[in-house]
Amino acid sequence: MRTDALIAPVDGLDEVLAAVDGFDDALCGGLLRPQPGQAGGLVALADAVEGTPLAARVGEAADKAVAGASGEDHLVALAAARVALLGSAHDALAARVDEATGRRTAGEPAGPGGDDGHAAGLLAAARGWLCDLARAGWRGIDHELVGGAAPVVAAMLPDPALRRPAALLDGFAAELAASCPGAALERVPVRRWADLWSRAVLLTLPGAAAAPAVSEVSGRLLPLGVDLQEHATAVQAQVHAVFEPADGSEPRLVRASVSAPKPDTVVGAGLWQVLRPRMALLAAVGEGRTMDLDAMPLTAGGDLLWDDGRARAGGAAEVFATARVALPAAVAFAAPPLERHPAALAAPVLLEGYGVADGEDGMVFEIAGHRLAVDAGRLPAAGPLTRELVATSAACLGLLRWDAGEFRLQPLAVERTVRKKAVAVHAGAWAGGTSDKAGIRAEKAATDAVTVLRERAGKLLRK
């Protein structure tokens, strides 16, 4: 991999992020009665999209916002401009990843499916609440304002077609409620809340939350690794893999995800017990096997809509052999419009022949005279891969991400030399169960906790 391509500056990236930061600062103070200091950020956002189809609408929206007279359409235009700018940053960084890995991204990003005007009233109500938030700003939030989302979310959640924006609004509102009142906050997560706000605004537009276009594919799936993402009340496992179509066409990089709610007492290896019953692929990952797919739904963005009934276990497959042979030729899918964000970058890569050193912010890999930061903080507790094992590795398969102004590597698996033999250790090794002593102890503790919770839940239901 060409690490020099990851180190070199990306033209225009700093200017784009500065324009986004200026708008985010304006949003922090609120757009009901903007202060003179906020005007610069609003004007800079409009200037950044000059010469694009958004220019006229965003210019008008910025003028109205500076005057404290922004309507719903104006706030939607500002949100669209912010999303478009971060989308352009994503595309520039993704192109740099392609340059570094020698792979390519195929096709244009596909938009959502058609819209039939479904639940337009509920989406308008959600958009109205988001506009009220923008006018108040993060410093102006209080429990009454944030609580206005509750009836809208309650009405949206039962409808599967609205589950996506409803879940986003629900989580966003809960995060804001935990931070009220905004005037007392010592530190505001400015970029995060602006990300959630702008994405939510666009998801309330007609057609934006429609189901993505899908096709059915058949062939062999070769897993690369599992990215486990945990929240206090939910957990998600995302399997990154190479898909080899049965028709002999070019292999593709795909993802398959499974999510589940959980109590905050289920942590560590117990997370797999929550996820395993929902996806047979996790057992295949833990056993080091391929999966044979038959007419499995695949979105235009590269996400498999997993159905256990359309998959069966295949032969053995060693992950590092897959990474060395199949990964270099795999073609990535273009990201859908609303997924184009620098934080969404997660490209599987294989690194070998590196040295390990300590950097200013933690571990780094030294490759061909360049340094690549290692994001060891993303290593899950629900697996045997540790920082120490990464530091003594000879090869590392991971996800290339962009965070805090630089590319970072999130390890998914490493290969080490033990008694002159190559031994692989995977972050998702316990996904399908384990015979590892540490894993068995963790599983037993988690089993006891889950059993107690199920018994208590059963008693409550009987009452």
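A few points about this structure:
- Scope region 323-339; condition outside any loop (DSSP other than H, G, I, E, B), crowded, with 17+ Cβ neighbours inside 10 Å and more than 20 Å from the chain's Cα centre (by Cα); matching residues: Ala323, Leu327
- Residue within region 398-418 that is at pLDDT below 85, not in a strand (DSSP E or B) and not assigned by TED's automatic domain parsing to the domain that holds Ala284 present: yes
- Residue under evaluation Ala61, criteria (1) surrounded by 20 or more Cβ atoms within 10 Å (Cβ to Cβ); (2) aliphatic (A, V, I, L, M); (3) touching a Lys or Arg at 6+ places or on another chain (Cβ under 7 Å), criterion not met: (3)
- Ala313 vs. criteria at pLDDT 95 or above, of a type in the set (Gly, Ala, Ser) and under 24 Å from Gly432 (Cβ atoms): no
- Within region 218-249, restricting attention to residues that are polar (S, T, N, Q) and within 20 Å of the chain's Cα centre (by Cα), the residue that is surrounded by the most Cβ atoms within 10 Å (Cβ to Cβ) is Gln238.
One line per residue, one yes/no per condition, for (1) touching a Ser or Thr at 6+ places or on another chain (Cβ under 9 Å); (2) assigned to a strand (DSSP E or B); (3) at pLDDT below 95:
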| position | (1), (2), (3) |
| --- | --- |
| Leu222 | yes, yes, no |
| Val226 | no, yes, no |
| Ala241 | yes, yes, no |
| Gly268 | no, no, yes |
| Val285 | no, no, yes |
| Pro297 | yes, yes, no |
| Ala321 | no, no, no |
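- Test for Gly22: is it more than 27 Å from the chain's Cα centre (by Cα) and either outside the structural domain of Asp73 (by TED's automatic domain parsing) or among the small types (Gly, Ala, Ser) (or both): no
- Every residue from region 295-315 that is among the charged types (D, E, K, R) and over 30 Å from Leu338 (Cβ atoms): Arg312
- Those residues of region 399-448 which are surrounded by 18 or more Cβ atoms within 10 Å (Cβ to Cβ), within 30 Å of Ala8 (Cβ to Cβ) and in contact (Cβ under 8 Å) with a residue 60 or more places away in the chain, in sequence order: Leu399, Leu400, Trp402, Phe407, Leu409, Gln410, Leu412, Ala413, Glu415, Ala427
Residue by residue, here is whether (1) touching a Ser or Thr at 6+ places or on another chain (Cβ under 8 Å); (2) small (Gly, Ala, Ser); (3) in contact (Cβ under 8 Å) with a residue 12 or more places away in the chain; (4) not assigned by TED's automatic domain parsing to the domain that holds Leu400 holds:
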position: Met291; (1), (2), (3), (4): no, no, yes, yes
position: Asp307; (1), (2), (3), (4): no, no, no, yes
position: Arg310; (1), (2), (3), (4): no, no, yes, yes
position: Tyr354; (1), (2), (3), (4): no, no, yes, no
position: Asp361; (1), (2), (3), (4): no, no, yes, no
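- The numbered conditions (1) closer than 23 Å to Pro251 by Cβ; (2) in contact with a Leu (Cβ under 9 Å, 6 or more places away or on another chain); (3) without any contact (Cβ under 8 Å) to a residue 60 or more places away in the chain are all true for Ala95 except (2).
- Failed criterion for Arg103 (all others in (1) in a helix (DSSP H, G or I); (2) over 19 Å from Ala136 (Cβ atoms) hold): (1)
- Hits in region 177-191 (condition: within 24 Å of Asp403 (Cβ to Cβ), hydrophobic (A, V, I, L, M, F, W, C) and touching a residue at least 40 places away in the same chain (Cβ under 8 Å)): Leu185, Val188, Val190
- Scan of region 205-217 for residues that are exposed (fewer than 14 other Cβ atoms within 10 Å of the Cβ) and in a strand (DSSP E or B), ordered by number: Ser215, Glu216
- Any hit, region 184-193, residues being assigned to a helix (DSSP H, G or I), under 19 Å from Asp132 (Cβ atoms) and at pLDDT below 95: no
- The test for being modelled with pLDDT of 95 or more, part of a helix (DSSP H, G or I), surrounded by fewer than 18 Cβ atoms within 10 Å (Cβ to Cβ) and among the aliphatic types (A, V, I, L, M) holds for Ala92.
- Matching residues, region 305-316, being in a strand (DSSP E or B), closer than 19 Å to Gly428 by Cα and not small (Gly, Ala, Ser): none
- Residue that is surrounded by the most Cβ atoms within 10 Å (Cβ to Cβ) [pool: residues in region 32-42 that are modelled with pLDDT under 95 and of a type in the set (A, V, I, L, M)]: Ala39
- So Asp170, is it more than 21 Å from the chain's Cα centre (by Cα) and among the charged types (D, E, K, R): no
Yes or no, residue by residue, for (1) closer than 30 Å to Ala80 by Cβ; (2) more than 22 Å from the chain's Cα centre (by Cα):
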site: Lys262; (1), (2): no, no
site: Gln273; (1), (2): no, yes
site: Ala284; (1), (2): no, yes
site: Arg289; (1), (2): no, yes
site: Asp292; (1), (2): no, yes
site: Leu298; (1), (2): yes, no
site: Asp308; (1), (2): no, yes
site: Arg312; (1), (2): no, yes
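The values are calculated or read from the model by the stated rules, or taken from the named source; none is laboratory data. A quick note: this is a predicted structure, and the numbers were derived from the prediction, not measured. For neighbour counting, all protein chains shown are included, and Cβ atoms are generated from backbone atoms with ideal geometry for every residue, glycine included.
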